[in-house]
Structures are given as structure tokens and as C-alpha cells.
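The structure appears right after this line, and notes come after that.
What follows is calculated from the coordinates using simple rules that are stated; it is not laboratory data. Since we're looking at a predicted model, the values are computed, not measured. In this analysis, Cβ positions are derived from the backbone assuming ideal geometry, glycine residues included, and neighbour counts consider all displayed protein chains.
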């Protein structure tokens, strides 16, 4: 990534854990918080965060158990646990009228915060998740983590592995994920930079009671090839959250912002242009 894309590395202690985050832009601008998906890290937003700094102070967080943030000693990794950390970080940093963009599990956290803090969230962008995580989705994560437990001989070998499952994502973005999302284990193997216990929190989840309290504008951007948010859930969201928008990106998977970042950012900019960010 270019020098201009490099963020400031910062950390804060919340709920007894050190939480690492990356920051781009001026502290005098409205805060825009970016929340990654399960098993990803804050630096996964490197390719989009610098595009937002014209109007925002951009903060991408390593959620607990991920990246350079602390691991919870009892393996507390439910959506509610991640949410509690971000809420505490917002309060500690004195952030007001935040915009949230959450991808995958980060999108569930973003929905929770918006539904619990009605007067401190200006807008929410939710990337390819809804209020539900069915059993089939949580089971897939367990199978994947079991296969990845042995690690890889090098970062290049890891990159080759993730390219096979992300064929539409530009190599530079995948290389960034491999670089910042991995570490060398004691035995020399390259493994993901995460607490294996995060799987304890990746369980069937239902957040409707909180999501239906959201009052701010909320946009769900979905990959057309993804089945994470089925048609019946989309219909329920539009019926019960009248201020919500659902945007489908045809031919893309679970991380459309990786596969077509320019198109995704254009969607975000159009959405935010109609939002009163205070």
C-alpha cells in the first residue's frame, strides 16, 4: 500500500483488554468506525479507509481476539462481547454521532451499537449480514478453522491458499490480508493472527430485538452470490425498518468491498450524501 494509506497505530484498554485500532484523518472530523469480519483484522480496510478521510476521522478496530488486540482469557467472543468493547471505546474516546461500517461479524456489531445508542449513531453501513446467524453458517466457520489449524509454511503459501477462495478479489488486497492478518507461530508455521477461541462465540445468533430499535439511516450492501442474508430476511428488514436500504452487488460474494472497492465506495458515498452526519 502507498505511504499515504498508512494509518496511525493506537490502542486503548477497555473491559480489561488492550484494543488496538488504526486511525486515518483529522480528529476534528466526524468519526467513522470500521469493524472487520470474523478472523479478519483492522488493516483489511487499508484499501478503502484513505478514501474516506476527506470528510471523516476514520477508525478501524482490531476486535478482541483479532490482530494486535488482546485475547479474552475465558474466550468471551459473542457478538455482545465485541459490541461492549466498541461501546466502551466510543465512550472513552469521547466520540459523538458516529458513522459505522461493519463487514460480516463487524456488521452485526454495528447493528447492535446502532440499536442500543439511538442518539449517538448517525448512519450504519452493514456489509453482507443481517440480524441472524443460522446454524449452517456457524458450522461452516468451525470446519474452516479446523482445516486451517496446521498453518502454512510461508506468507506466500498462505496467500496462494486465500486466492483460491477469493477469486474475484485483487491480489494486492489479499496480500495485505495475508501480511497483516497472520503471524509466525512458535514452530515457525504461519497462522492467522487470532485467538482460536473466537470459535466459541461464533454460534447461532439472533439480534432482531435490538436491530428493530435502530432509528438512524441504515444500508445493507449484499453480495449477489452470497446467501448470508436470504430474501425473506431482506423483506423483513424492509418491512420493519422503513429507513433501511438494501443494495445488491450482483456477481459478488461475502466481501463485496474487497472484490469491487471502487463500486462499493461509490455506493457508500451516495448513501452518506443523503445523511445528516452531525
Of 108, 185, 43, which has the largest mean-square fluctuation in a 10 Å C-alpha GNM of the chain? 185
Take the chain, connect every pair of alpha-carbon atoms lying under 10 Å apart with a spring to form a Gaussian network, then pick out the residue of 60, 197, 149 with the largest mean-square fluctuation. 149
With 10 angstrom as the radius, rank 259, 236, 171 by how many other C-beta atoms surround their C-beta, starting from the fewest. 171, 236, 259
Please list, in order, the residues from segment 207-227 whose amide nitrogen is less than 18 Å from a point placed 7 Å along the Cα→Cβ vector of residue 78. 207-212
Between segment 32-55 and segment 211-278, what's the alpha-carbon centroid distance in Å? 16
Residue 155-residue 12 FRET efficiency (beta carbon distance; Förster radius 45 Å; 0.05 resolution): 0.95
Determine the gain in length on full extension of the stretch residue 139-residue 265; use 0.36 nm per residue of separation and subtract their C-alpha separation, reporting nm with one decimal. 42.2 nm
Expressed as a rounded percentage, what relative contact order does segment 69-158 have, with Cα pairs under 8 Å and six or more residues apart? 23
Given the options 53, 124, 99, which has the most mean-square fluctuation in a GNM of the chain, springs set between C-alpha atoms less than 10 angstrom apart? 53
Could you give the length gained on full extension between residue 215 and residue 119, defined as 0.36 nm per residue of separation minus the Cα-Cα distance, in nm? 33.7 nm
